[in-house]
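Peer 1: One structure, pasted below without further comment.
The values are calculated or read from the model by the stated rules, or taken from the named source; none is laboratory data. Because the structure is predicted, anything quoted here is derived from the model rather than measured. Glycine also receives a Cβ, built like all others from the backbone with ideal geometry; neighbour counts cover every protein chain displayed.
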């Protein structure tokens, strides 16, 4: 049952990320975050999978949005925001 729900979320996220993003946005990452993102892109490129920091970031954002839409105050985003702003 949980696997089916995850698969549904993955399909929803895939559809969102496949759409060409036209809105520009700037994000500030720490050096460590940027390094890890670059390492992931490099690791996948060595395996023949073409990806980008932008694609990985959009996957993360869309996962947060799906989780928030489904779980509201119990979502990872809501719980993290609560911890950040106590």
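The rows are residues; the columns are (1) touching a helix residue (DSSP H, G or I) at 6+ places or on another chain (Cβ under 8 Å); (2) at negative phi; (3) outside any loop (DSSP other than H, G, I, E, B).
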residue: 9; (1), (2), (3): yes, yes, yes
residue: 24; (1), (2), (3): no, yes, no
residue: 29; (1), (2), (3): yes, yes, no
residue: 32; (1), (2), (3): no, yes, yes
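Peer 1: Restricted to region 45-61, and to residues that are over 17 Å from residue 18 (Cα atoms) and in a helix (DSSP H, G or I), which residue is nearest to the chain's Cα centre (by Cα)?
Peer 2: So the residue we want is 45.
Peer 1: Residue 76 - would you say it is in contact (Cβ under 8 Å) with a residue 12 or more places away in the chain and under 25 Å from residue 6 (Cβ atoms)? Spell out the reasoning first.
Peer 2: Working: in contact (Cβ under 8 Å) with a residue 12 or more places away in the chain: yes; under 25 Å from residue 6 (Cβ atoms): yes.
Here the answer is yes, as residue 76 does meet what is asked.
Peer 1: Has region 62-81 got at least one residue that is surrounded by 15 or more Cβ atoms within 10 Å (Cβ to Cβ), in a loop (DSSP other than H, G, I, E, B) and at pLDDT 95 or above?
Peer 2: Checked region 62-81: at least one residue is surrounded by 15 or more Cβ atoms within 10 Å (Cβ to Cβ), in a loop (DSSP other than H, G, I, E, B) and at pLDDT 95 or above.
Peer 1: Right, something else. Please enumerate the residues belonging to region 7-37 that are more than 21 Å from residue 69 (Cα to Cα) and surrounded by 12 or more Cβ atoms within 10 Å (Cβ to Cβ).
Peer 2: Result: 29, 33, 34, 36, 37.
Peer 1: Moving to a separate point now. Return the pair list, or none, for Cβ contacts closer than 9 Å from residues in region 16-44 that are free of Cβ contacts under 8 Å to residues at least 60 places away in the same chain to residues that are surrounded by fewer than 10 Cβ atoms within 10 Å (Cβ to Cβ) and outside any loop (DSSP other than H, G, I, E, B), at least 6 apart or on different chains.
Peer 2: The qualifying pairs do not exist here.
Peer 1: Further, regarding this structure: On the given criteria, is residue 4 without any contact (Cβ under 8 Å) to a residue 60 or more places away in the chain, assigned to a helix (DSSP H, G or I) and exposed (fewer than 10 other Cβ atoms within 10 Å of the Cβ)?
Peer 2: On the way: without any contact (Cβ under 8 Å) to a residue 60 or more places away in the chain: yes; assigned to a helix (DSSP H, G or I): yes; exposed (fewer than 10 other Cβ atoms within 10 Å of the Cβ): yes.
Answer is yes for this residue.
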